[in-house]
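Colleague: What follows is a single structure, and I will ask about it in a moment.
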Amino acid sequence: MNMLNKQTVALAIVSLFWFAPAGTALAKRAGGGGGGGHMERGIQLAQQKQYDAAIAEFTKAIEANPKDPLGYTNRATAYRASGRFAEAVADYTKAIEISPKDHMAFRERGNTQVMQKQYDLALPDFEKAIELKPDDTVALQDRGIAEIGLQQWDKAAADRRAWANRNLKNFQAALEDYTVMLTKNSNDAEALIKRGSTYTSMMQYEKAIADYEAALKIKPDDYDTVQRLQYARGMLAGQNAPPPTPTPTPVESHVLTPLNIIIAVIVLIVIAVVVRLVTRGKEEPTSSASTRIR
């Protein structure tokens, strides 16, 4: 790495410390602090830069409620501010175990890795944070710092541009950036996944499936991409399914319609009238015996 690159990386890390101080990563639960007020006292002490005292309070909050990830993330932030990076990473990891969809825990663990110049470890955390909360612009900026640290200059620029284009639904422009990234490194699983997601948004499921399958060959344990692949396959199957055979409409019988009933009644009346006219004036046959015997 030349001197200019070293200065750029150093500036990026300094900006991370400057724009994301310890207090910004501390979180208070709505409705008051947990653990008998230890959480709130820990936050106050951390904001006063009394990190050892804050760590003690957060530890008491964790003991009172060990299943609350907030205690671990706050204590991790205090550990990091005091330079105890290993303890910070351990606490962020514990918070993620309790709450796997906590994008803040992933992002802050990534920041802790950046502060130790462990950019290769930080990058997947920023990726996960962005996946869980796509509108987290802070995580996007932090990912750029990790990419700069890895000297992925073109990728950092192309990645940000592609991300912006995807959010603006400029899918073709995003595809071009991801394709350029893959031209330079065909084993870039993240670029494959993102291009596959872009294809999915464009309903080009066959191309999305090809990218997801290629990414899984590189990262076979990526469960999220397995789910993306299953979704794309299901949508493709729906596109290719033959149209359903139309159900024949049953022919309704019109024998007993109201009109037919009326006509039948009229016919019966006419027949009765005709019969009456024909039989009028004729003697009804009577038995002679019946006329004689009373």
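Colleague: Filter segment 104-123 down to the residues that are touching a residue at least 12 places away in the same chain (Cβ under 8 Å) and closer than 16 Å to Ala189 by Cβ, then identify the one that is surrounded by the fewest Cβ atoms within 10 Å (Cβ to Cβ).
Modeller: Among those that are touching a residue at least 12 places away in the same chain (Cβ under 8 Å) and closer than 16 Å to Ala189 by Cβ, it is Asp120.
Colleague: Residue check, Asp135 against (1) buried (at least 20 other Cβ atoms within 10 Å of the Cβ); (2) part of a loop (DSSP other than H, G, I, E, B), all met but one. Which one?
Modeller: (1)
Colleague: Which ones in segment 155-194 are over 22 Å from Lys217 (Cα atoms) and either of a type in the set (Gly, Ala, Ser) or at pLDDT 85 or above (or both)?
Modeller: Ala156, Ala157, Ala158, Ala162, Ala164, Asn170, Phe171, Gln172, Ala173, Ala174, Glu176
Colleague: For segment 170-184, give me the residue count where each residue is closer than 13 Å to Thr200 by Cα and touching a helix residue (DSSP H, G or I) at 6+ places or on another chain (Cβ under 8 Å).
Modeller: Total meeting the criteria: 3.
Colleague: Sticking with this one: Among the residues of segment 223-234, is any farther than 21 Å from Asn165 by Cβ and in contact with a Ser or Thr (Cβ under 9 Å, 6 or more places away or on another chain)?
Modeller: Within segment 223-234, one or more residues are farther than 21 Å from Asn165 by Cβ and in contact with a Ser or Thr (Cβ under 9 Å, 6 or more places away or on another chain).
Colleague: Give segment 190-217 a look and list any residue that's of a type in the set (Phe, Trp, Tyr) and either surrounded by fewer than 20 Cβ atoms within 10 Å (Cβ to Cβ) or touching a Ser or Thr at 6+ places or on another chain (Cβ under 6 Å) (or both), or say none.
Modeller: Tyr212
The values are calculated or read from the model by the stated rules, or taken from the named source; none is laboratory data. The model shown is predicted, which means the values in this text are computed figures rather than measured ones. Don't worry about glycine lacking a Cβ; one is built from the backbone with ideal geometry, like all the others, and counts go over all protein chains shown.
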